[in-house]
Amino acid sequence: MGYFPTKYFNFDLRYLIKYNQYEGVRTGIGGVTNNDFSEKFRMNSYVVYGFRDNRFKYSIGGGMRLSEDTNTWLNLAYTDDLQETGSTKYITDDRVFQFFEPRLLNIDLFHKHITTSLTLEHQISDHLLSKLDFAVSDIDPTYDYAYVLDGKSYSTFNLTTGILGFQWSPFSKFKETILGTQEIKSGFPKFSFQYTKSLHDVLNGDFNFTKLDFRTIYELGNENSHFAQMILVSGIAIGDTPLTHLYHAYPNNIRKAQVLQRFSVAGLNSFETMYFNEFFSDKSFTFQLKYFIKPFHVTDRFRPQLVLITRYALGDMDHQERHQGITFDTLNYGYTESGFEINKLFYGFGLSFTYRYGAYYLPNFSDNIAFKFTFNVTL
C-alpha cells in the first residue's frame, strides 16, 4: 500500500512530493527492502529536499527480525528532519498512504530534530500491536521560542525519551503480507494508548516529563449508506514539557482578513475554524462526530455525499509563562465548531463550510467562518 515494488527494494511513494508553508515544495525518494532482499533483515531510508528552506532532510535505518511467529523486529534509525510543533504521533499507527495530505499545506510551525532511535515492535496478537521506542533527540525550533526553567532559557534542547505504545483493533481482520501483518478489513472501535517518559540527565536530556495519550475511533453503519464516525483523543503532559511536545488540537485555518483569502483545503480530522498557533495545552481533549448521509444518486458516476460535522476541544496549561517568544491561548472554556462537507463533487474534490461558536467566538462574524474545498483520496 503506497509502495512501488522492485526486485529487492520497495519505493515509498509518500516522499515523492509534498508542500508546506516552511519548506515550500518538499520532494525526495525513499523506501524499504523487501523479502527478496532478506526475510531476516531490512533496510529503510529516505532523503528529501525543501525548496524554501534550502535544506536536505533524511533518515537511514535498518531492522533485524527476532521472531517470525510474533513478527518481532528490532530497529535502529538515525533521522534529521522536521516535525510539526504540538503534534502527537502514535508510534503504532498503521501505515496509511495518502496521495495528498490536505492539512499539511498550511502548517508553518516546525522544529528541527536529529534523532537516534532504537525500536522493538512485537505483534502480541493479530489484534494487538506493541512498540517500545528509546530515542535521543536534539531539538531546534525553527521559530522564535525559548523554554524558561529554573532561571535558564532553552532555545534549543536535548531530549532522552522512552515511548511504549499499544494499538488494539479487536474487530479488524488481518493477513500476512511481505510487509508483515496488514489490516485487510477495518473493524471498530479501535484503541491506541501511548506512554512517553522524558528523562533528565540521561544521555544529556534536559527535561523530565511524562505524557499519556489515548485515542479511540468508532464507526457505526454502512459506508454505502448512512454511517457515523466518532473520534475521541485525549492527552496529558506532566512535568517540564516544552511547547514542541505539547498539544495544539490540530488547527487548520490561516490568518487572513477575508473568508475567501482563507480559502484553502480542509483537513480530514482538523479544526477548520481554529487558527494555526492560536491554542496550546498540556491537558487536551478533543471529540469529533461526522455523520455521512447516503450518497445522492444523481447519475451512475455522479454521487455527491453530504457529511454533517461537529467538533469540540477542551484544554488547559500549567506554567504558561515558561513559554517565551510565542503568544497563544488555552482551551479552558471549550472550543466548538460545526458545519458540513459536500464530497465527491468531482473525483476526490468537494466543498466544506464550518462555523465557530461558543466561548471562543470572535467579535468579527466573518472570522468565525471557514469555507474550503476538500480532497480525499486514500490508496
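The values are calculated or read from the model by the stated rules, or taken from the named source; none is laboratory data. Treat the numbers as computed from the prediction; the structure is a model and nothing was measured. Cβ coordinates were reconstructed from backbone atoms using ideal geometry, including for glycine residues, and neighbour counts include every protein chain displayed. For accessibility, only protein heavy atoms count, side chains too; no ligands or nucleic acids. Shrake-Rupley method; radii C 1.70, N 1.55, O 1.52, S 1.80 Å.
So the values come out like this:
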{"quantity": "Heavy atoms of residue 296: accessible area, 1.4 Å probe, square angstrom to 10", "calculated": "100 Å²"}
{"quantity": "Of 138, 150, 329, the one that fluctuates the most in a GNM where the chain has Cα springs shorter than 10 Å", "calculated": "150"}
{"quantity": "Segment 292-374, relative contact order [Cα under 8 Å, separation at least 6], %", "calculated": "25 percent"}
{"quantity": "Cα shape, segment 261-308, gyration tensor, a/c 1.5 rule", "calculated": "oblate"}
{"quantity": "GNM top mover of 165, 187, 267 - the chain, alpha-carbon springs below 10 Å", "calculated": "187"}
{"quantity": "Restricting segment 245-329 to trypsin sites (Lys or Arg not before Pro) in coil, as DSSP defines it, with at most 10 other Cβ within 10 Å", "calculated": "301"}
{"quantity": "Residue 87 accessible area, 1.4 Å probe, all protein chains in place, Å² to nearest 10", "calculated": "20 Å²"}
{"quantity": "Extension reserve of the residue 263-residue 140 stretch, reckoned as 0.36 nm per residue once the Cα distance is removed", "calculated": "41.2 nm"}
{"quantity": "Cα lying deepest toward the dipole's positive end in segment 5-127, options 91, 61, 16, charges on Cβ", "calculated": "16"}
{"quantity": "Average Cα contact separation per residue, segment 111-242, under 8 Å, 6 or more apart, as relative contact order %", "calculated": "18 percent"}
{"quantity": "Charged-residue dipole, Cβ positions (Lys, Arg, Asp, Glu), segment 261-360 about Cα centre, Debye nearest 20", "calculated": "620 debye"}
{"quantity": "Contact order relative to length of segment 1-160, as percent, for alpha carbon pairs under 8 angstrom and 6 or more apart", "calculated": "17 percent"}
{"quantity": "Alpha carbon Rg of segment 1-58, scaled by the compact-globule rule 2.2 N^0.38 Å", "calculated": "1.30"}
{"quantity": "3J(HN,Hα) from dihedral phi, segment 234-250, Karplus parametrisation 6.51/-1.76/1.60, rounded to Hz, x for glycine, proline", "calculated": "9, x, 9, 10, 10, x, 8, 10, x, 4, 4, 10, 8, 10, 10, 6, 6"}
{"quantity": "Quotient of C-alpha Rg and 2.2 N^0.38 Å, computed over segment 214-345", "calculated": "1.25"}
{"quantity": "Extension gain from residue 202 to residue 223, taking 0.36 nm per residue of separation minus the Cα-Cα distance", "calculated": "2.6 nm"}
{"quantity": "Candidates per GluC sites (Glu not before Pro) in segment 1-97, loop by DSSP, up to 12 other Cβ within 10 Å", "calculated": "39, 68"}
{"quantity": "For segment 28-69, diffusion coefficient by Stokes-Einstein and Kirkwood Rh (Cα), 25 °C, 0.890 mPa s, µm²/s", "calculated": "206 µm²/s"}
{"quantity": "Accessible carbon and sulfur surface of the chain relative to its total accessible area, %, 1.4 Å", "calculated": "60 percent"}
{"quantity": "Net dipole in debye of segment 202-256 [+1 Lys, Arg Cβ; -1 Asp, Glu Cβ; about Cα centre; nearest 20]", "calculated": "260 debye"}
{"quantity": "Electrostatic dipole magnitude of segment 35-99 [Cβ: Lys, Arg +1; Asp, Glu -1; Cα centre; debye, to 20]", "calculated": "220 debye"}
{"quantity": "Lys/Arg +1, Asp/Glu -1 at C-beta; segment 320-373 dipole; positive extreme among 354, 365, 340", "calculated": "340"}
{"quantity": "Cα gyration tensor, segment 1-136 - rounded (a/c under 1.5), prolate or oblate", "calculated": "prolate"}
{"quantity": "Per residue, in Å², the accessible surface of the chain once ligands and nucleic acids are set aside, probe 1.4 Å", "calculated": "50 Å²"}
{"quantity": "P(r), alpha carbons of the chain - 20 Å bins starting at zero, rounded %", "calculated": "25, 61, 14, 0"}
{"quantity": "Cα convex hull volume per residue for segment 79-212 (Å³)", "calculated": "138 Å³"}
{"quantity": "Cross-link partners of residue 112 among aspartates and glutamates (Cα-Cα below 19 Å; sequence separation of 8 or more within a chain)", "calculated": "23, 53, 80, 81, 84, 138, 140, 144, 206"}
{"quantity": "Distance (nanometres) between label positions extended 7 Å along Cα→Cβ at residue 56 and residue 214", "calculated": "4.5 nm"}
{"quantity": "Förster radius 25 Å - calculated FRET efficiency between residue 321 and residue 361 (Cβ-Cβ, nearest 0.05)", "calculated": "0.40"}
{"quantity": "Top positive-direction residue, dipole computed over the chain with Cβ charges, set 139, 37, 375", "calculated": "375"}
